[in-house]
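Working notes for the structure below.
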């Protein structure tokens, strides 16, 4: 008969704390101060280019020439460049086109994505599996530039604003996220609504959408950013410069460094055209301001809207 010897207590080695400052633990005040300095340096590195762009757009020609390009802080800020760009020239028309395309495209894309995702989230709906497989295949096999151009041309959408909206109307990723979120909702609510005689449209409008505000807001933000930042469709399908969106103007006159002529910039009577660096910086500021304004209102929905829809597939 064998006897079991009493187990010996296991000695655990003390965990070592690693710190960038020798002799300091991660919770000590010097370590927190060190992390704060690192974060402050990262914030400065991120904000410095934005400050240089905004300052250059507000600087005059003399200060830009003395600085040799970009200005870090303007001596006498002036909105001459913004007034010249927004007084009826090419940039003001491009802003109008971009805002219109973004609003119409986001509204249509969000509506179509919600309807398609809700239909795919309902088990037993007509054509459920074939449509879902077709949607997933679009994520793996892109049509390519030439087939897309030929399709737009056959639909007589060349040089039309609809060529900036319809090719990007449905995004498979956005539909999958919405479908996953709709499927995660309690089925008892929908079953109870069916028992009460509610139609699918009533269930979607009064039950599903109020419970899906986070995901809908995030998908709407994704669509808005996509339409606002898109320039390739305009480069392919828009031949008239008066119909260019803002991002194509940005690519032409800032990235490619093309010069704005007097007919494209409306300066004040008798006033010279602002310097090219100031105009380019002002175009860059105008191209990012709308998204910067909209994003803080939807940022609180980002984590919840994306993670809930992505985890429960």
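For the range 178-240, what value does the Rg/Rh ratio take when both radii are computed over Cα atoms and Rh is the Kirkwood radius, given to two decimals?
Numbers: Rg = 17.8 Å, Rh = 14.2 Å.
Radius of gyration over Kirkwood radius for the range 178-240 works out to 1.25.
Once you have a ≥ b ≥ c as the square roots of the Cα gyration tensor eigenvalues for the range 23-142, tell me rounded if a/c is under 1.5, and otherwise prolate or oblate according to whether a/b is larger than b/c.
Values: a/c = 3.90, a/b = 1.39, b/c = 2.81.
Oblate.
Taking neighbour counts of Cβ atoms within 10 Å as a proxy for exposure, in what order, fewest first, do 60, 75 appear?
Numbers: 60 18, 75 13.
In order of increasing Cβ crowding within 10 Å: 75, 60.
Provide the gained length on full extension for the span residue 42 to residue 206, in nm with one decimal, where the gain is 0.36 nm per separating residue minus the Cα-Cα distance.
54.5 nm
Treat the count of other C-beta atoms within 10 Å as a stand-in for reagent exposure and order 95, 151, 133 from fewest to most. Each step should come with its number before you reach the end.
Values: 95 20, 151 13, 133 9.
Fewest-to-most ranking of 95, 151, 133: 133, 151, 95.
Whole-Å semi-axes of the range 29-78's equivalent ellipsoid, largest first, each the root of 5 times a Cα gyration tensor eigenvalue?
Working: eigenvalues 207, 14, 13 Å².
For the range 29-78, the semi-axes come out at 32, 8, 8 Å.
Could I have the simple spin-label model distance between residue 155 and residue 72, label points 7 Å from Cα toward Cβ, reported in nm to one decimal?
So the label points at residue 155 and residue 72 sit 5.1 nm apart.
Gain in length, residue 255 to residue 115, computed as 0.36 nm per residue apart minus the alpha-carbon separation, to one decimal in nm? If you can, show how the numbers build up before the last one.
Values: separation 140, 0.36 × 140 = 50.40 nm, distance 3.86 nm.
Extra length available between residue 255 and residue 115 comes to 46.5 nm.
Would you mind ranking 188, 200 by Cβ crowding within 10 Å, fewest neighbours first?
Working: 188 8, 200 15.
Ranking 188, 200 by Cβ neighbours within 10 Å, fewest first, gives 188, 200.
Take the range 83-311, drop everything but the C-alpha atoms, weight them equally and run the Debye formula without solvent; then report log10 I(q)/I(0) at 0.18 Å⁻¹ to two decimals.
Each listed q maps to, in turn, -1.29.
With a point put 7 Å past each Cα toward its Cβ, work out how far residue 196 is from residue 240 in nm, to one decimal.
5.0
Every number here is computed from the coordinates shown, using simple stated rules; none is lab data. Just so we're clear, the structure is a prediction, and the values are computed from it rather than from any experiment. Every residue, glycine as well, gets a Cβ built from its backbone with ideal geometry; the counts of neighbours run over all protein chains shown.
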